[in-house]
Structure formats: C-alpha cells, structure tokens
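Notes for the one structure printed next.
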Amino acid sequence: MHHKEKSKIILKILNQIYPRVPVPLEHTNLFTLLVSVTLSAQTTDVNVNKATKKIYPKYNKPEHFVKLGRRKIEKLIRSTGFFKRKAKSVYLLSKQLVEKHEGKVPGNFEDLEKLHGVGHKTASVVMSQGFGYPAFPVDTHIHRLAQRWGLTNGKNVVQTEKDLKR
C-alpha cells in the first residue's frame, strides 16, 4: 500500500476516534499558551495545567514575568520539572516580547523561533492552536507512530514532519 493510501486510511480512523480534539493546555491568551507549551517539555499537560492554574489568574502578560524575574518564576513552576531552564526561557522570551514585539506573541514561525527556548515544535503548536495556522507539530511520539505506520523512515522529527506534510 502506498503512503498516500495509508495516510488516508489512518486519517479516516483518527477522525472517527477523535472528531474534535480540544487544546490540552489550558491558557487565557496567546502568551499563556506560549508559556504553557514551553513548560510542557518533559512533563505532562496535566502537570502543566495544575501549575499554571495558580499562576495565570495573576500573571498572564510578558510584563508580569519580566517583573517577577527568574527566581520567582522558578518557584512558581517548580512542579513542572527542569524548572531552572524553563524559568530562564520564560523570563527571556517574555523580555524579548516586551522589547521587540510590544508585548505581543508574533504570528509567524520566523519570529517565534527567535524567542528564547522556542523551537519549531513549540512554534508549530502556537501557530496551529493560537493562530489557527495549519501547522503540524511533530514530537517523539508522533515520530515513532509515523515510523510504525510506515509513513516515514525519517531519522529525526524534522524529516518526519516533511514526510507527514507531504
């Protein structure tokens, strides 16, 4: 069976099982979506939602996180794991948003990927879930499934993304 035929069958099955897929990360605006996706590395969406439930009612703008500083951000996100690295990313990307984007999350891949700690997958999630852009975030789970289903023989997520988009 050809890749195109296989992908049509897989898509049909997935659409039947998951007709409407909600955004799993709770957020109040584009900025909090970006922060949540950043915090989701190496942890579950449930864990991120639990942590941010206490944060976003009070802190939900880049200016808030710049004012908090890295140490206070670390305390707020400690439960998400790798909190020092994540706090640094959240602080620095907040600072960049304030200084270079008037506090707004940019709506294009190029500017998103220039933000500290924002890679292609994070940018893809924000573009698709935040801006409605037809992006295709590929993580290690999608990468493995695509290989198992015979839709790619890519050695990394970048190649797998290209194969799946095709």
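Contact annotation: residue pairs with Cβ atoms under 9 Å, 6 or more positions apart or on different chains, pairing a residue in region 115-134 that is more than 16 Å from K162 (Cα to Cα) and free of Cβ contacts under 8 Å to residues at least 40 places away in the same chain with a partner that is among the hydroxyl-bearing types (S, T, Y) and assigned to a loop (DSSP other than H, G, I, E, B), are M127/Y133. Quick one: count up the residues across region 25-47 that are among the aliphatic types (A, V, I, L, M), surrounded by fewer than 19 Cβ atoms within 10 Å (Cβ to Cβ) and in a helix (DSSP H, G or I). Result for region 25-47: 2.
For S7, the requirement of being part of a helix (DSSP H, G or I), touching a residue at least 12 places away in the same chain (Cβ under 8 Å) and within 23 Å of M127 (Cβ to Cβ) is met. Determine whether region 23-42 contains at least one residue that is of a type in the set (D, E, K, R), modelled with pLDDT of 90 or more and either touching a helix residue (DSSP H, G or I) at 6+ places or on another chain (Cβ under 6 Å) or under 23 Å from L97 (Cβ atoms) (or both). The answer is yes, given that some residue of region 23-42 is of a type in the set (D, E, K, R), modelled with pLDDT of 90 or more and either touching a helix residue (DSSP H, G or I) at 6+ places or on another chain (Cβ under 6 Å) or under 23 Å from L97 (Cβ atoms) (or both). Of the residues making up region 45-74, those that are of a type in the set (S, T, Y) and either out of contact with any Phe, Trp or Tyr (no Cβ under 7 Å at 6 or more places or on another chain) or modelled with pLDDT under 95 (or both) are T52, Y56.
In region 68-92, the residues that are without any contact (Cβ under 8 Å) to a residue 40 or more places away in the chain reach residues that are hydroxyl-bearing (S, T, Y) and surrounded by 14 or more Cβ atoms within 10 Å (Cβ to Cβ) with C-beta atoms within less than 7 angstrom, at least six apart or across chains, in these pairs: L68/Y59; G69/Y91; R70/Y91; I73/Y91; G81/T43. Considering every residue within region 6-14, establish whether at least one is surrounded by 13 or more Cβ atoms within 10 Å (Cβ to Cβ) and not hydroxyl-bearing (S, T, Y). Scanning region 6-14 turns up at least one residue that is surrounded by 13 or more Cβ atoms within 10 Å (Cβ to Cβ) and not hydroxyl-bearing (S, T, Y).
The values are calculated or read from the model by the stated rules, or taken from the named source; none is laboratory data. Keep in mind the model is a prediction, meaning the values are calculated, not measured. Glycine gets a Cβ as well: all are built from the backbone with ideal geometry, and neighbour counts include every protein chain shown.
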